[in-house]
Amino acid sequence: MSIEIDFSKSVAEKINFFGRRFFIKRDDLLDDDFCGNKARKFLYFLEHDSPNIDTVASSGSSQSNAMHSLSVLAKMKNWKFIYYIDHLNSYLQQNPCGNFAHAIQNNMILEIGEMPVTFGSNVLVVNEGGAQKEAKFGIEKLANEIKDWVNEQKIEKLKIFLPSGTGTTALYLQEFLDFEVVTVPCVGDCEYLKAQFLELQSDERLHPTILKPSKKYHFANLYTELFETYQSLLRETGIEFDLLYDPVGWTVLGENLGHFEGFEVLYIHQGGLKGNATMKPRYERKLENKTKTKS
Ligand SMILES: *Cc1c(COP(=O)(O)O)cnc(C)c1O
């Protein structure tokens, strides 16, 4: 099994939302199995041989996009994939779905508990969410595609926007680009994101701009207004966005339109649609219960 990612699929598409123009960089179209943000982050491993490695180990949540992508990478490389989860709810164990089901199908070996601190030299250890320096390789490619597009379109004033988890993508993108990169924390708060940036880059002048959400959204919790934003985007632009990061991203973008006045905006669509397979039914159940209690 091998994966050739066709990066020319990631076009920049023009849409209208919030009464203004945005360009959407369609990284969600890159590859069915290996799409969006994690295709960029793990590209280094796709394009380089690691002759001494026979196992990849990582940790994180039971529906993580990184987990799914790593299971595909491991299958392709003929590596064992060991994934450490704090706890696994018994419902998911008995009814695998979404990213978890895909990873299990790709022979992911599940361990409940903390990931060991050290491994043998045959093991590639990948930080939660793929937050590590190898990510730079694929993100530089993304930056170069953006530079080519800007030259072709003769765009002079541009800001880049993308929602952050670990902040790795936003940080490296800013390192490679002269345009301002603007982001929003979706997993922790602004202080968490700032600390993440400092881990990777001590010079704060090279950090992306962080916009603060007006309301605290806990990651992967359900908020009716976020689902409504997802639905409006789908209806008005025809593009499906993910339900974890993008609705927070667009909401905060909408609260800060003044920050982008006079600039074109390139929004990076980082994929994650496989995760919607579990998030959407959760939202639908929530909204159903709401209408039931109302009537
Ligand atoms: C992983 C992921 C992110 C977060 O990327 P970071 O580099 O960790 O900030 C955002 N969106 C999607 C869809 C992702 O899969």
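The values are calculated or read from the model by the stated rules, or taken from the named source; none is laboratory data. Predicted model, so just to flag it, every value in this text is computed and none were measured. Counting neighbours? That spans all protein chains shown, and the Cβs are built from the backbone with ideal geometry, glycine included.
Output the residues belonging to the stretch 122-138 that are crowded, with 24+ Cβ neighbours inside 10 Å and either more than 12 Å from the chain's Cα centre (by Cα) or more than 10 Å from the ligand (Cβ to nearest atom) (or both).
Residues satisfying the conditions are V126, A135, G138.
Just checking, which of T278, T229 is at pLDDT below 95 and within 20 Å of the chain's Cα centre (by Cα)? I'd like the intermediate steps shown before the answer.
Numbers: T229 fails: at pLDDT below 95.
Checking each option against the conditions leaves just T278.
Scan the stretch 144-158 and tell me whether some residue there is under 19 Å from A12 (Cα atoms), within 16 Å of the chain's Cα centre (by Cα) and among the β-branched types (V, I, T).
From the stretch 144-158, those under 19 Å from A12 (Cα atoms) are 144-158; that's our starting set.
Retained after the next criterion (residues that are within 16 Å of the chain's Cα centre (by Cα)): none.
No: the stretch 144-158 contains no residue that is under 19 Å from A12 (Cα atoms), within 16 Å of the chain's Cα centre (by Cα) and among the β-branched types (V, I, T).
Among the residues of the stretch 239-295, which ones are more than 16 Å from the ligand (Cβ to nearest atom), in a helix (DSSP H, G or I) and of a type in the set (S, T, Y)? Reasoning before the result, please.
Taking the stretch 239-295 and keeping what is more than 16 Å from the ligand (Cβ to nearest atom), we get 254-265, 281-295.
Checking the rest, the ones that are also in a helix (DSSP H, G or I) come to 254-255, 257-260, 281-294.
Selection gives Y283, T291, T293.
Output the residues belonging to the stretch 88-102 that are without any contact (Cβ under 8 Å) to a residue 40 or more places away in the chain, out of contact with any strand residue (DSSP E or B) (no Cβ under 9 Å at 6 or more places or on another chain) and part of a loop (DSSP other than H, G, I, E, B).
N89, N95, P96, listed by residue number.
Filter the stretch 175-192 for residues that are under 22 Å from F263 (Cβ atoms) and within 12 Å of the ligand (Cβ to nearest atom) and give the result.
Correct list: V181, T183, V184, P185.
Pull up the stretch 82-103, narrow it to residues that are buried (at least 16 other Cβ atoms within 10 Å of the Cβ) and more than 14 Å from D33 (Cβ to Cβ), then point me to the one that is modelled with the lowest pLDDT.
Among them, the one singled out is L92.
Please work out which residue is surrounded by the most Cβ atoms within 10 Å (Cβ to Cβ), limiting yourself to the stretch 255-291 and to residues that are among the small types (G, A, S) and closer than 17 Å to S164 by Cβ.
Among residues in the stretch 255-291 that are among the small types (G, A, S) and closer than 17 Å to S164 by Cβ, the one surrounded by the most Cβ atoms within 10 Å (Cβ to Cβ) is G271.
Do any residues in the stretch 229-248 that are under 16 Å from R282 (Cα atoms) and charged (D, E, K, R) have Cβ atoms under 8 Å from those of residues that are near the ligand (Cβ under 10 Å from one of its atoms) and part of a loop (DSSP other than H, G, I, E, B), where the two are at least six apart or on different chains, and which pairs are they?
These pairs meet every condition: D242/Q270; D242/G271; D242/G272.
Table: residues versus (1) among the aliphatic types (A, V, I, L, M); (2) assigned to a loop (DSSP other than H, G, I, E, B); (3) within 14 Å of the ligand (Cβ to nearest atom).
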| position | (1), (2), (3) |
| --- | --- |
| I3 | yes, yes, no |
| F23 | no, no, no |
| D31 | no, yes, yes |
| S50 | no, yes, no |
| Q63 | no, yes, yes |
| K75 | no, no, no |
| I104 | yes, no, no |
